[in-house]
Every structure is written in C-alpha cells, then in structure tokens.
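Input: a single structure, listed below in structure tokens.
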Amino acid sequence: MIGVFLIGHGSLVEGVHAKNNQSDGLHVWYGIVRRSTAIQNGVSGIYMKTGILENNYAEFNYFGLFGQQITVLGNSTTNNKYGLNVTQGSIYGSNSFTNDTVSDVYSFGAISQGNNVCGIGPC
C-alpha cells in the first residue's frame with residue numbers, strides 16, 4: 001500500500017503525515033511536496049518523479065527521499081537506509097541528512113548546491 005499516490009501534473013501535497021505504509025509514504029509524479037513527514041514506510045518515505053521537495057522530514061524508511069529530476073530544498077532525513085537518492089537532472093541544497101545507515105546522499109549525477117549537512121559520505 002502507498003499512503004498518497006498522485007500521478008497528475010500540478011499535484012500539491014502539503015502538511016501530510018505518512019506513516020507505516022507497505023511501499024511509499026508519499027508517491028507524487030509531478031508537483032510539489034512540502035512541510036510533510038514520512039516515517040517507517042517500506043520503500044520510500046517520499047518518492048517524486050519531477051518536481052520540488054521542500055521542508056519535509058523522513059525517518060526510518062528504506063529511502064528517505066527518492067526522485068528523478070527533482071529540486072530538494074530544506075529537507076531533513078535521519079535513520080533511513082539511504083537519506084536522499086536522486087538521479088541526473090536533480091539539484092539539492094540546504095538539507096540535513098544524518099544517521100542514515102548506508103548513505104546520507106546517493107546521487108546518480110545530481111548537483112549539490114551546497115549548504116547540506118551530512119553525517120556520512122559526500123554531501
């Protein structure tokens with residue numbers, strides 16, 4: 001089960017608390033997810049295909065934040081297997097990634113804009 005699943009363009013998810021879902025807590029293809037939390041979800045706390053993740057919190061997920069061609073600003077992750085997993089075409093900055101067990105940031109060619117705080121690995 002996925003907590004919230006939106007595939008249309010222009011989706012907005014704000015102030016949602018997604019917890020204990022079998023798969024993703026929040027799964028949004030195109031849009032904005034902001035000021036939301038994702039805790040103890042089986043796969044991604046928050047998954048986004050294209051859009052903006054802003055000021056969210058993810059904890060105890062396999063992937064805290066996962067996305068393709070996304071902008072990731074002002075988010076916090078902790079105690080996930082991977083804090084942030086992003087692909088080429090993504091940018092991230094001013095985030096806090098701490099205590100994620102394998103990697104705080106796992107990037108396939110994404111661009112760090114700096115000001116990120118990481119507990120382990122490159123940021």
Item to check | Complete set of residues in region 6-36 that are out of contact with any Phe, Trp or Tyr (no Cβ under 8 Å at 6 or more places or on another chain) and either under 16 Å from Q68 (Cα atoms) or at pLDDT below 95 (or both) | outcome: W29, Y30, G31, I32, V33
Checklist entry - Do we find that N41 is under 22 Å from M1 (Cβ atoms), polar (S, T, N, Q) and more than 14 Å from the chain's Cα centre (by Cα) in this structure? => result no
Item to check | Restricting region 1-33 to residues that are among the small types (G, A, S), touching a Lys or Arg at 6+ places or on another chain (Cβ under 8 Å) and in contact (Cβ under 8 Å) with a residue 24 or more places away in the chain, the residue that is surrounded by the fewest Cβ atoms within 10 Å (Cβ to Cβ) | outcome: G3
Checklist entry - How many of the residues making up region 1-40 are under 15 Å from N75 (Cα atoms), among the polar types (S, T, N, Q) and part of a strand (DSSP E or B)? => result 1
Next on the checklist: Looking at region 71-85 only, could you name the residues that are over 16 Å from I32 (Cα atoms) and of a type in the set (A, V, I, L, M)?
Outcome noted: L84
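The values are calculated or read from the model by the stated rules, or taken from the named source; none is laboratory data. Since we're looking at a predicted model, the values are computed, not measured. Ideal geometry is used to build each Cβ from the backbone, glycine not excepted, and the neighbour counts take in all protein chains shown.
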